[in-house]
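The structure under discussion appears below in the form of C-alpha cells.
The values are calculated or read from the model by the stated rules, or taken from the named source; none is laboratory data. Keep in mind that what you see is a predicted model, and the values were worked out from it rather than measured. Counting neighbours? That spans all protein chains shown, and the Cβs are built from the backbone with ideal geometry, glycine included. To get the accessible areas, we keep the full protein, side chains included, count just its heavy atoms, and leave off ligands, DNA and RNA. Shrake-Rupley method; radii C 1.70, N 1.55, O 1.52, S 1.80 Å.
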Amino acid sequence: MASITAFRVGHCTHPSCMVLKGSGLASRCFPSRAYLIETRAGLYLWDTGYAEHFRAATSKGVYRLYAWVTPISFDENESLHGQLRAHGVSPGDIHTLLLSHFHADHIAGLRDFPGARLMASQTGWDAVRGLSGVAAVRQAFVPELLPPDIADRLAFVESVPETALPAALLPFTHGRDVSGTGEIYIVDLPGHAIGHLGAFVLQDGGWTLLASDAAWVPESFQQLRGPSELSFIIQHKRAPYYATLNRLHQLHQSGNAQIRITHEDTLDYLPVAGRP
C-alpha cells in the first residue's frame, strides 16, 4: 500500500474570519503543504507549495497584488526539492507531479522538477492557460511559475477512465486510478477553483483523502461552517463549493477516511507517515 509524507513549504497569513465564518479577526497561519506519495508504481508528488520562484514572479507588475493580498513567509530551507533531498529523494526520482489546481501556492515549485511528468485537470488547465495580468491574478494564477515546456509534459486526469470507489467512501462513488495500482484515485472537488481535484490514497491503515483547498480549516468540513462570502471573489463558485463541503462532512462523519487539507495549521491534525 502507499505511504504519504507531508512537507510544509512556506505559509501565508489571513484573518481567521476570512476562512471560517464567525471566527474573529485574529491572524491565522496557513501552511502550504506538499505530499510525497510512495506507491508500487513509483513516487508521486501532490502539489509543490511555495518556492523562491513565487517571490520573483510576484515582485513585478500586476502580480505584486497577489503578494500584497496574500502575505507569505518562505525560507529557502523550506524548499520542497531541498526537503525531499534531505528525505533521500531527488527531483529526478519523481514519477508524476499531480496538481490539485493551478493556484500559485500549489504550483510555485514546478520549475524545480524539470523531468517530472505533470498531471492535472484539463478543464482546470483550459481555464488558466491563456490568462495574464489582472485576469490571472483574479484566479490566483501566476503564469511565470509554469515551466516553459509544460505543454509537452502535461497529461490530463480525464484521460483515465472513471471506476467505482469502495462503498465505504460514500458519498464519493467514482474516481480515476492514476497510479494504475489502486493506490491513488483522483476525484473532482468542484467549487474552490475550476478543475479542482482531490486524491484518495490507500495506505496500510486505510484511506486518506487529500482534499487540497476544498476547505481551508478542518472546522469547515467537521462543522459545515463555510468561509467569508468575500472569499468567493477568488473562489470559483459558491454552490459547488458548499456541495463539496457537504460531501466532505459526510465522509468525515462516516469515519471511513482521514481528510487532509493543504493549509491546516494544527500539526497534530496532520500525522506524517515516514518512509519504510
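If you go through segment 93-140 and pick out every residue that is assigned to a helix (DSSP H, G or I), within 14 Å of His196 (Cβ to Cβ) and not hydrophobic (A, V, I, L, M, F, W, C), you end up with 6. Scanning segment 41-68 for residues that are out of contact with any strand residue (DSSP E or B) (no Cβ under 9 Å at 6 or more places or on another chain) and either part of a loop (DSSP other than H, G, I, E, B) or of a type outside the set (Gly, Ala, Ser) (or both) yields Glu52, His53, Ser59, Lys60, Val62, Tyr63, Arg64, Leu65, Tyr66, Trp68.
Among the residues of segment 1-54 satisfying the criterion of being among the acidic types (Asp, Glu) and in contact with a Lys or Arg (Cβ under 8 Å, 6 or more places away or on another chain), which is nearest to Val69 (Cα to Cα)? The qualifying residue nearest to Val69 (Cα to Cα) is Asp47. Among the residues of segment 211-245, write down those that are out of contact with any Phe, Trp or Tyr (no Cβ under 7 Å at 6 or more places or on another chain), under 23 Å from Trp46 (Cβ atoms) and open to solvent by 10 Å² or more (accessible area, probe 1.4 Å). Listed by number, the residues that qualify are Glu219, Gln222, Ile234, His236, Pro240, Ala243.
Considered as a group, the residues in segment 33-86 that are under 24 Å from Gly133 (Cα atoms) and among the hydroxyl-bearing types (Ser, Thr, Tyr) include one that is most open to solvent (accessible area, probe 1.4 Å), and that residue is Ser59. Would you check if His95 is under 30 Å from Thr181 (Cβ atoms) and surrounded by fewer than 18 Cβ atoms within 10 Å (Cβ to Cβ)? Spelling it out, His95 is indeed under 30 Å from Thr181 (Cβ atoms) and surrounded by fewer than 18 Cβ atoms within 10 Å (Cβ to Cβ).
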